[in-house]
Amino acid sequence: MKTIIEPFRIKMVEPLRLTTREEREEILRAAGFNLFNIPARDVLIDLLTDSGTGAMSSLQWAGMMQGDESYAGAESFYRFYERVRELTGFEYVLPTHQGRASERILFELLGGRGKVVPNNTHFDTTRANVEHSGAEAVDLPIPEAHSPEVWHPFKGNMDVDRLEALIREVGAQRVPLCMVTVTNNAGGGQPVSLENLRAVRSVCDRYGIPLFLDACRFAENAYFIKLREPGQRDRSVREIVREMFDLADGATISAKKDGLVNIGGMLLLRDRELAERAGSLLILTEGFVTYGGLAGRDLEAMAQGLEEVIQEDYLAYRVRSVEYLGEKLSALGYRTIQPPGGHAVFVDAGALCPHIPPAQFPGQALVCALYRHAGIRALEVGSVFHGDGRAAPWEMVRLAIPRRVYTQSHIDYVVEAFAELYPQRFSFRGLRMVNRPQMLRHFTARFEEL
Ligand code: F0G
């Protein structure tokens, strides 16, 4: 059989609300042409993020009814702990409310002025937490990562030579840890190979530097390893996941992605002394070490989600449905980051709209066109997103696919919208930012169409 079907059926539905083009025009204007300001009820297909937007299974919902809400030592914590330990091998498992809470604790402990933290590419909250601690965040992706059209099976890999050069240049004592983000979200949702992780590990070992994973999308990464890395095809995703984690000294995870939950995260550690200090910081702002800012029921949902996400029929559907969207958009003539990532397709709005200079935000123009035309919400990842003084590496629009939420006909609708927009691309208008937010401006910026 050629068709990879959604490996689930639907027993609870949530209606979508159709709007007219005139209504959307009005909504877009009221939102200052910033899609973050649009109420979700006015969005038809929401591809803003794959984070916390997935659907839970019947077993996850059933698990929630068993949530033990004891303050300390809840049964739900122990179930969650055993599942995480079995999956990842980490002895110290700190639950947090989401990924960035784990990052805040980790960099408060290991960051600080004068320190330098390498990563294949920092996600924006990771970079913000590194910099908030006073440290410097350095991105070291392989050169292929900069070229959208170049096909590379592991375009998320870290440039190992540049890593070693950086360590020699600044001195190992200034590098408190090295991070690798799997999959590399900011670089297009691209995977990192086991071979690359082993090479990074060996550089870290040579200089006595701990290696941490930002493992939000660990299962998608492991599945790409199974599909694309020589010698991995006959291994189970579970084994590959375990090998990825075995190569690391710790991990930060947002369970809102491959935990298949709407809220939750964790910080995983091997070092007892570090785990004790992290536990104290967890108590300071998140909650006691056996719940970390979550309800017992959330821990149950995560424990079950972590089991479902490594099921290979799920991963085959997941990776294929993103690839399907990517293939269709390429066939229409859109330039996208190749190959499609595990969670998202990135469309090059700069290439699509050469008549709109970066200062007039071609990505935002495409995002507005998608909403106006079809009620689709996407994320600009270009000069609005990166616009805090650093030059944007490119003018992309990310179409992130929530997990287990949309069917193939929803995706076909998105493809149709792109097909209709392609011949109209030269009518897209650039935008002018009318306020100048100091930080994280993509959330609060307001625009006028030129
Ligand atoms: N690391 C990566 C690679 C991420 O993609 C995210 C979140 C985080 C860390 C932070 O996790 O949101 O739970 O605090 N990414 C979302 C996105 C927001 O849309 O890509 P969080």
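Odds and ends about this structure:
- Tally, over segment 87-118, of residues that are among the acidic types (Asp, Glu) and within 16 Å of Ala215 (Cα to Cα): 1
Conditions (1) in the same structural domain as Asn184 (by TED's automatic domain parsing); (2) more than 16 Å from the ligand (Cβ to nearest atom); (3) out of contact with any Cys (no Cβ under 7 Å at 6 or more places or on another chain), marked per residue:
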site: Val241; (1), (2), (3): yes, yes, yes
site: Thr252; (1), (2), (3): yes, no, yes
site: Arg272; (1), (2), (3): yes, yes, yes
site: Ser280; (1), (2), (3): yes, yes, yes
site: Phe288; (1), (2), (3): yes, yes, yes
site: Ala295; (1), (2), (3): yes, yes, yes
site: Arg318; (1), (2), (3): no, no, yes
site: Leu332; (1), (2), (3): no, yes, yes
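- Residue match in segment 150-158 (condition: buried (at least 20 other Cβ atoms within 10 Å of the Cβ), free of Cβ contacts under 8 Å to residues at least 60 places away in the same chain and at negative phi): yes
- Helices (runs of 4 or more DSSP H) enclosed by segment 54-137 - at least 2 residues per element that are basic (Lys, Arg) and within 16 Å of the ligand (Cβ to nearest atom): 99-110
- Counted residues, segment 283-317 - those being touching a His at 6+ places or on another chain (Cβ under 8 Å) and buried (at least 20 other Cβ atoms within 10 Å of the Cβ): 3
- Scanning segment 433-447 for residues that are among the aromatic types (Phe, Trp, Tyr) and surrounded by 14 or more Cβ atoms within 10 Å (Cβ to Cβ) gives a single hit, Phe447.
- One residue from Glu144, Glu75, Glu164 being surrounded by fewer than 22 Cβ atoms within 10 Å (Cβ to Cβ), over 22 Å from Thr252 (Cα atoms), touching an Asp or Glu at 6+ places or on another chain (Cβ under 7 Å) and in the same structural domain as Glu243 (by TED's automatic domain parsing): Glu75
- Listed conditions (1) over 20 Å from His146 (Cβ atoms); (2) away from the ligand (no atom under 16 Å from the Cβ); (3) aliphatic (A, V, I, L, M) are all met by Val200, apart from (1).
- Verdict on Pro176 being within 16 Å of the ligand (Cβ to nearest atom), modelled with pLDDT of 95 or more, over 13 Å from Ala251 (Cβ atoms) and not assigned by TED's automatic domain parsing to the domain that holds Gln338: no
- Residues of segment 22-44 classified as surrounded by 11 or more Cβ atoms within 10 Å (Cβ to Cβ), over 20 Å from Pro437 (Cβ atoms) and away from the ligand (no atom under 16 Å from the Cβ), total: 7
- Residue check, Gln424 part of a loop (DSSP other than H, G, I, E, B), at pLDDT 95 or above and polar (S, T, N, Q): no
- Against the list (1) modelled with pLDDT of 95 or more; (2) outside any helix (DSSP H, G or I), the condition Phe418 fails is (2).
- If you go through segment 344-382 and keep only what is crowded, with 24+ Cβ neighbours inside 10 Å and part of a loop (DSSP other than H, G, I, E, B), you end up with Ile356, Phe361, Gly375, Ala378, Gly382.
The values are calculated or read from the model by the stated rules, or taken from the named source; none is laboratory data. Being a predicted model, the structure only gives us computed values, none of them experimental. Cβ: placed from backbone, ideal geometry, glycine included. Neighbour counts: every protein chain shown.
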